[in-house]
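Here the structure is laid out as structure tokens; the discussion comes afterwards.
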Amino acid sequence: MVDTISSTLFSLIKNNVNEDLVGMKTRLQDLKAQLDIGSGGVRMVGIWGVGGGGKTTLASSVYHEISFLFEGCCFLGDIREQSVKYGLEKLQEKILCGVLKQKQVEVDGVEEGKLMIGSRLWHKKVLIVLDDVNHLNHLNALAGSRDWFGDGSRILITTRDSHILNVHRVDVIHHISLFNNEEGIELFCKHAHQDYPPKEGYERLSKDVVSYASGLPLALKVLGSFLCDKDMNEWRSALARLKEIPDTNIVEKLKISYDGLTREEKELFLDITCFFRGEKKNYAIEILDACGLHPVIGIKVLIEKALITISDGMFSMHDLIQELGRYIVRGENPRTPEKHSRVWQVEEVLSICAMDPTTVMVELYLHHM
């Protein structure tokens, strides 16, 4: 009785917290509908989308709102990094400790961990969140089969790679929705320590920041926190700098998806970001295929990793994803285009053409060594 009352009060507190999160109410409703909590069976739902898009925030919010409905629960965060640091056995132990409410459980090897999860949780209605999964072996080790969990259990998985979810045969893939302009302004103002709507004199600048972020919650939070103690002139200066040099905190978060690509996929991604955004897919494929990049399978991978999309038969992507690609190409020499692997601005092409051919050839040779 005491546990039931405590769980209910905990849920009510968390619901109030969730109300303070920008744009969360509708997103929570949509996700809870896909979880279909009132029905039986074991249901696995994936939350998929671009890095910094709010997958973890959404998963955490729904976890805290519905966890009291389950016999046991566990939120396993940052699996991509935690699995490298501590191994999958430690993550299996965390699931068992969390669900069974035990201080310590020892797992001797991943295969034993699988057996332990299946033998100890098969009769329990559990809620487990697996956050930031980037390898199929994560799912195989932590939620390998629906038979491991009791009737009514729900497994929620966040990832940047829909391929993992498809191979694991999840029941639903929930594509994260980025913020609209109104939500973007509200989230930005919240982190910039301003009133909402923006205070007088900052309306236009706030809209410019939100336009730059293109609905990405990560960018809105990072830029809002950075600008919170800056005056109007400093805001203008920061915006001007962003057009040439993207914020490192944002770039590094987005770059995780790029780092997970093969060499050929990286080359393909950079070509698309530099030359083919807004171009017809079939036209671009002919050119990319002639370059030996095997674009048909490579494009599929880039789509699955939420790096590009196809809209009306043309390549599309988030503005900051394109900025990431071009930032990578510019590398450590942003003002010397002759050292870049790709050049897309007309003035830079003309500048290179006007240079001494010998100098250009040397730079290209050094770049590709």
What distance in nm separates the simple spin-label points at Glu332 and Asp151, each placed 7 Å from Cα in the Cβ direction? 6.3 nm
From the helices alone, meaning DSSP H stretches of at least four residues, give me the mean residue ellipticity at 222 nm for the chain, per-run term -39500 (n - 2.57), in deg cm²/dmol to the nearest 500. -16500 deg cm²/dmol
Dipole of region 181-245 [Lys/Arg +1, Asp/Glu -1 at C-beta], most positive-end residue of Asn181, Pro217, Leu239: Leu239
Pairwise label distance in nanometres, Ile37 with Tyr86, each label 7 Å out on the Cα-Cβ vector: 2.6 nm
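Residues with beta-carbon under 14 Å from that of Phe149, excluding Phe149: net charge, scoring Lys, Arg +1 and Asp, Glu -1? It would help to have the intermediate numbers written out before the result.
On the way: positive: Arg43, Lys114, Arg120, Lys124, Lys125, Arg146, Arg154; negative: Glu71, Asp147, Asp151, Asp171.
Charge balance in the 14 Å sphere: +3.
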The chain, dipole about Cα centre (Lys/Arg Cβ +1, Asp/Glu Cβ -1), debye to the nearest 20: 660 debye
Expected max-MSF residue from Ser311, Ser119, Ser351 in the GNM of the chain (alpha carbon, under 10 Å) is Ser351
Candidate aspartates and glutamates - alpha carbon under 17 Å from Lys101, same-chain residues fewer than 8 apart omitted: Asp3, Glu71, Glu93
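Report the extension gain between Ser341 and Glu112 in nm, rounded to one decimal, defined as 0.36 nm multiplied by the number of residues separating them, less their alpha carbon distance.
The span from Ser341 to Glu112 would gain 77.6 nm if fully extended.
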Order by protection proxy (mean Cβ within 10 Å, highest first), peptides 60-72, 232-244: 60-72, 232-244
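Which of the pairs Lys243/Lys280; Lys103/Lys124; Lys114/Lys300; Lys255/Lys339; Lys207/Lys230; Lys55/Lys221 have their Cα atoms more than 24 Å apart in this structure?
Details: Lys243/Lys280 26 Å; Lys103/Lys124 18 Å; Lys114/Lys300 31 Å; Lys255/Lys339 21 Å; Lys207/Lys230 16 Å; Lys55/Lys221 14 Å.
Violating the 24 Å Cα-Cα cut-off are Lys243/Lys280; Lys114/Lys300.
Roughly how big is region 181-245's charge dipole about its Cα centre, with Cβ charges of +1 (Lys, Arg) and -1 (Asp, Glu), in debye to the nearest 20? Please report the intermediate quantities before stating the final value.
Details: 9 positive and 11 negative charges, 43 e Å.
I would put it at about 200 debye.
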Rounded, prolate or oblate: pick one for region 136-229, where a ≥ b ≥ c are the square roots of the eigenvalues of its C-alpha gyration tensor, a/c under 1.5 means rounded, and failing that, prolate if a/b is larger than b/c, else oblate. prolate
Obtain the nm distance between the two label points defined at Lys103 and Leu350 by a simple spin-label model: each point lies 7 Å from its Cα along the Cα-to-C-beta direction. 7.4 nm
Along the principal axes of its C-alpha atoms, what lengths does region 261-368 span, in descending order and rounded to whole Å? 42, 27, 23
May I ask which residue of His340, Ile287, Ala306 lies farthest towards the positive end of the charge dipole of region 261-368, with charges of +1 (Lys, Arg) and -1 (Asp, Glu) on Cβ and the Cα centre as origin? Ala306
Within-14-Å neighbourhood charge of His294 [Cβ basis; K, R +1; D, E -1]: -3
Just Pro197, Pro217, Pro295 to compare: in a GNM of the chain, with alpha carbon springs under 10 Å, which one fluctuates most? Pro197
Between Thr159, Thr273, Thr57, where does the largest GNM mean-square fluctuation fall for the chain, given springs only between Cα atoms within less than 10 Å? Thr57
Only one of the listed values, (1) 69, 49, 42; (2) 77, 53, 42; (3) 81, 54, 38, was derived from the coordinates as Cα extents along the principal axes in Å; which label is it? (3)
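Quick note: the coordinates plus some simple rules give every number you see, no bench work behind them. On a predicted model such as this, the values are computed, not experimentally measured, just so you know. Using ideal geometry, Cβ is built from the backbone for each residue, glycine included, and neighbour counts are taken over all protein chains shown.
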